[in-house]
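The values are calculated or read from the model by the stated rules, or taken from the named source; none is laboratory data. Since we're looking at a predicted model, the values are computed, not measured. All Cβ positions, glycine included, derive from the backbone under ideal geometry; neighbour counts span all protein chains shown.
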Amino acid sequence: MKTASKGIWQPIALSESIGSEVPIRVCYEAKEVALFRDGIGKVRALKDRCPHRRVPLSLGKVIEGELRCAYHGWTFDGSSGACTQIPNLSDEEKVPSRYKVDAYSVHEDNGFVFLWSGQNPPSKDGDKPVFAANEDLPLYGNVIVPLATSAYRLAMLDGPETLIGIHNIGFTDFFLGDPVTRDGIIQVERNAGWIRRGKPPSKWATDYPFILRTISSFEDGTIIHQLFDDKEQIVAQIYMSIFPGTRSTTNIVWRGNVNFNHKDAGKISRTKAPIDIFSHLDGEAIANLLVGPSSQFQEAV
Amino acid sequence: MAKVAKKQQDWIPTNYDLRDTWFPVAHATDVSANPVRRMVHSQPYYLWRDNGTANAAEIHPHAFTAANKPSATAFTGGSYYYPVCEQYGYIWAWYGNPGNADMALLPHIPFLPKNGDIPKYMRTTIRFDACSALSVENLLDLTHADFLHGEVIGGEGESESDEITFDYTSETLTRVRMVVGKPVAPVMKWLGGVRATHQEFRSTLHVHLRSGFCISYPRFRPGFDIPNVQPFVPNGSHRSRVDQIFNLTDAPLIFRRIMPKLAYKVGPQDNYVMRPQNPRYLEPSPVRDMHSRFDAPGNRYRFLMQALHERQSKGDYSYGSDADTGADITEILGMEKSID
């Protein structure tokens with residue numbers, strides 16, 4: 001998703017998370033962002049700090065499409081960041097035009113809300129993100145995990161079973177060939193099979209029913225998982241956006257689907273979180289992961 | 001504790017470790033033979049009574065006989081004991097050079113009896129998740145009440161007129177807010193029996209800069225007065241403690257009983273914003289705060305605190321000739337006479 005304008009569109013939130021009554025707060029690297037919907041339902045992003053007394057604007061309310069600070073009611077236009085109202089001023093008193101908060105470029109598509117990371121605004125034409133385009137992804141969620149983003153991404157290549165789960169599916173560490181790097185991504189494939197009686201797929205199987213393909217971007221921290229069968233039909237897929245949060249945590253925003261029409265998908269529960277992005281991590285399991293495909297990722301980076 | 005001042009190109013409220021002042025470190029009723037611990041600018045204060053007489057020391061009384069007890073600091077002049085006194089229902093302890101302690105510097109509180117004879121239900125203890133100076137600034141600025149405390153005080157910026165004036169010396173700041181045509185405060189309607197739809201509101205706040213001791217006199221008409229003191233004792237850079245005392249003897253019985261307890265509702269409402277606000281004032285910011293005219297008293301407070309800080313950092317802890325911290329403030333608060 002890197003574009004010609006020296007920035008990226010980073011998915012930082014889910015469409016469902018953003019309402020028109022109260023904002024939400026997202027930390028993306030050093031940026032603290034308050035996200036909300038304006039009067040016509042368009043997502044807006046403002047720096048999460050009132051220029052008056054530094055209180056997070058995400059504690060406030062959306063009033064008539066604008067974001068009002070919880071502390072003194074200073075109100076800001078989501079498009080320009082301009083302060084439009086200071087309560088109790090008389091009709092003759094105007095808010096100085098320099099009173100404003102940083103407004104960030106955002107774009108909403110495919111159930112994700114993207115934040116523009118570049119110093120300069122994105123170009124008008126051809127700069128829209130394409131993540132998860134044309135996919136129906138009814139499952140979704142977001143979590144914050146206590147692991148640095150770089151470590152999370154490497155662990156995802158070497159041992160995704162420590163970070164994510166698809167119900168009843170066990171991921172093996174039998175990698176199918178070496179990772180492939182191309183066009184700013186690294187792709188790893190591994191065998192996967194059914195978990196039976198709580199046990200992972202047998203190491204002695206002659207063949208496994210599934211392959212998990214993991215595609216990790218070098219540039220924007222997105223990861224796509226595709227679980228497909230021996231006929232190359234997709235059984236489940238997960239689109240993840242992974243970006244640094246505060247205190248060396250990692251934010252994860254994800255959407256996914258399971259093809260419950262697939263003949264084998266019946267063993268994947270519809271009710272017990274068919275897709276699970278772990279919020280509590282097994283530190284010992286992650287620490288003990290042996291270096292595998294992540295070595296090529298680091299070389300490529 | 002002595003701290004190296006950070007470069008003062010921004011308002012850094014944690015920097016103002018002002019000395020030579022009395023702090024009301026505890027409700028007098030909270031101090032007994034069993035020692036309790038309080039903090040003032042990260043300096044420990046152990047409080048207890050011997051035969052009814054209050055003591056304040058920088059070590060636990062059991063530690064006096066310990067073989068390895070720490071050395072006494074300059075705050076007690078090497079004696080381990082702080083100057084201490086009891087008045088208006090508080091235990092007051094001196095912070096600074098003990099040789100400069102003078103009871104004439106105690107604030108005057110015209111609506112509290114000097115002997116502290118105030119019912120226990122009119123005392124509260126609130127912990128603020130911000131340093132003292134930021135908490136005082138919050139109190140000075142009453143426009144936030146419309147938004148944070150609307151369900152108690154009422155209105156969200158709705159009034160016919162809203163004027164704020166202030167006066168100051170080098171040691172005190174007095175802010176008066178006059179609001180006309182304000183929707184009647186819910187607390188006045190539901191607990192005070194006020195049937196009007198709108199009321200006038202005059203709020204006077206008298207702040208002692210060194211100690212963060214705030215004397216508040218809100219007056220509602222129709223309605224009644226809610227005189228109270230809020231001493232923002234600086235625990236450290238991140239938290240402050242308020243042992244609040246009301247005198248609501250003129251208010252209806254239900255109001256008198258319940259109003260002090262509303263402090264436990266209002267305090268968390270302030271903490272809702274101050275808790276995340278405080279860390280954003282620990283270091284200088286490249287972006288300066290913006291202000292409206294309603295911030296004039298708060299801005300003056302910042303200026304006066306900075307002036308005091310600069311004077312003390314040069315070794316001058318004296319009180320200016322314009323400042324009489326123990327002066328009678330009955331008239332300033334709009335009261336007819338002091339109760340003592």
* **Candidates B:LEU142, B:LEU134 - the one that is farther than 25 Å from B:MET188 by Cα, touching a residue at least 12 places away in the same chain (Cβ under 8 Å) and either within 15 Å of the chain's Cα centre (by Cα) or not in a loop (DSSP other than H, G, I, E, B) (or both)** => B:LEU134
* Asked: Name the residues in the stretch B:289-331 that are in contact (Cβ under 8 Å) with a residue 24 or more places away in the chain and among the hydrophobic types (A, V, I, L, M, F, W, C), would you?
  -> B:PHE294, B:ALA296, B:LEU304, B:MET305, B:ALA307, B:LEU308, B:ALA323, B:ALA327, B:ILE329
* **Within the stretch A:154-192, considering residues that are surrounded by 15 or more Cβ atoms within 10 Å (Cβ to Cβ) and of a type in the set (D, E, K, R), the one farthest from A:ALA285 (Cα to Cα)** => A:GLU189
* Asked: Consider B:GLU163 against the criteria (1) in a strand (DSSP E or B); (2) in contact with a Gly (Cβ under 6 Å, 6 or more places away or on another chain); (3) over 29 Å from B:ILE254 (Cβ atoms); (4) of a type outside the set (Phe, Trp, Tyr): it satisfies all of them except one. Which criterion is unmet?
  -> (2)
* Structure fact -> Looking across the stretch B:277-293 at residues that are touching a Ser or Thr at 6+ places or on another chain (Cβ under 9 Å) and surrounded by 20 or more Cβ atoms within 10 Å (Cβ to Cβ), the single one that is farthest from the other protein chains (Cβ to nearest Cβ) is B:ASN278
* **Boolean, B:VAL152 is of a type in the set (Val, Ile, Thr), within 26 Å of B:LEU248 (Cα to Cα) and within 14 Å of chain A (Cβ to nearest Cβ)** => no
* **Only one of A:ASN110, A:ASN120 that is closer than 30 Å to A:ASN259 by Cβ and at pLDDT below 95** => A:ASN110
* Structure fact -> A:SER97 meets each of (1) more than 19 Å from B:ALA296 (Cβ to Cβ); (2) small (Gly, Ala, Ser); (3) within 14 Å of chain B (Cβ to nearest Cβ); (4) in contact with a helix residue (DSSP H, G or I) (Cβ under 9 Å, 6 or more places away or on another chain) with one exception, condition (4)
* To do: Say whether the condition of being surrounded by 19 or more Cβ atoms within 10 Å (Cβ to Cβ), touching a residue at least 60 places away in the same chain (Cβ under 8 Å), acidic (Asp, Glu) and within 14 Å of chain A (Cβ to nearest Cβ) is met by at least one residue in the stretch B:264-273.
  => yes
* Can you name the condition, by its number, that B:GLN244 falls short on among (1) within 27 Å of B:TRP22 (Cα to Cα); (2) more than 11 Å from every other protein chain (Cβ to nearest Cβ); (3) in a helix (DSSP H, G or I)? -> (3)
* To do: Give the residue, chosen from A:VAL113, A:VAL143, that is under 26 Å from A:ILE223 (Cβ atoms), surrounded by fewer than 21 Cβ atoms within 10 Å (Cβ to Cβ) and either among the β-branched types (Val, Ile, Thr) or facing another protein chain (nearest Cβ under 10 Å) (or both).
  => A:VAL143
* Asked: Any chance the stretch A:168-183 includes a residue that's more than 29 Å from A:SER202 (Cβ to Cβ), free of Cβ contacts under 8 Å to residues at least 60 places away in the same chain, assigned to a strand (DSSP E or B) and assigned by TED's automatic domain parsing to the domain that holds A:THR249?
  -> yes
* Check on A:VAL55, among the β-branched types (Val, Ile, Thr) and more than 19 Å from B:ARG280 (Cβ to Cβ) -> no
* Asked: Where residues in the stretch A:76-86 are crowded, with 22+ Cβ neighbours inside 10 Å and free of Cβ contacts under 8 Å to residues at least 40 places away in the same chain, which of them is nearest to the other protein chains (Cβ to nearest Cβ)?
  -> A:ILE86
* Tally the residues that are within 12 Å of chain B (Cβ to nearest Cβ), surrounded by fewer than 22 Cβ atoms within 10 Å (Cβ to Cβ) and without any contact (Cβ under 8 Å) to a residue 40 or more places away in the chain, restricting the search to the stretch A:23-51. => 2
* Scan the stretch B:157-173 and give yes if some residue there is aromatic (Phe, Trp, Tyr) and within 14 Å of another protein chain (Cβ to nearest Cβ), otherwise no. => no
* Report yes if A:GLU64 is within 23 Å of B:ASP162 (Cβ to Cβ) and more than 12 Å from chain B (Cβ to nearest Cβ), otherwise no. => yes
* To do: Tally the residues that are crowded, with 23+ Cβ neighbours inside 10 Å and aromatic (Phe, Trp, Tyr), restricting the search to the stretch B:182-216.
  => 2
* Residue list for the stretch B:122-153, restricted to those being among the hydroxyl-bearing types (Ser, Thr, Tyr) and modelled with pLDDT of 95 or more -> B:THR124, B:THR125, B:SER132, B:SER135
* For the stretch B:1-54, enumerate the residues that are touching a helix residue (DSSP H, G or I) at 6+ places or on another chain (Cβ under 8 Å), modelled with pLDDT of 95 or more and within 26 Å of B:TYR319 (Cα to Cα). => B:LEU18, B:ARG19, B:ASP20, B:THR21, B:TRP22, B:GLN43
* Taking the condition part of a loop (DSSP other than H, G, I, E, B) and within 20 Å of the chain's Cα centre (by Cα), does B:PRO110 pass? -> yes
* Asked: Given (1) surrounded by fewer than 20 Cβ atoms within 10 Å (Cβ to Cβ); (2) over 21 Å from A:GLY41 (Cα atoms); (3) among the basic types (Lys, Arg); (4) touching a strand residue (DSSP E or B) at 6+ places or on another chain (Cβ under 8 Å), where does A:LYS128 come up short, assuming only one miss?
  -> (2)
* **Within the stretch B:307-330, considering residues that are in a helix (DSSP H, G or I), surrounded by fewer than 16 Cβ atoms within 10 Å (Cβ to Cβ) and of a type outside the set (Ser, Thr, Tyr), the one nearest to the other protein chains (Cβ to nearest Cβ)** => B:ALA307
* Could you check A:GLU32 against (1) closer than 19 Å to B:ASN278 by Cβ; (2) part of a loop (DSSP other than H, G, I, E, B) and say which number it fails? => (2)
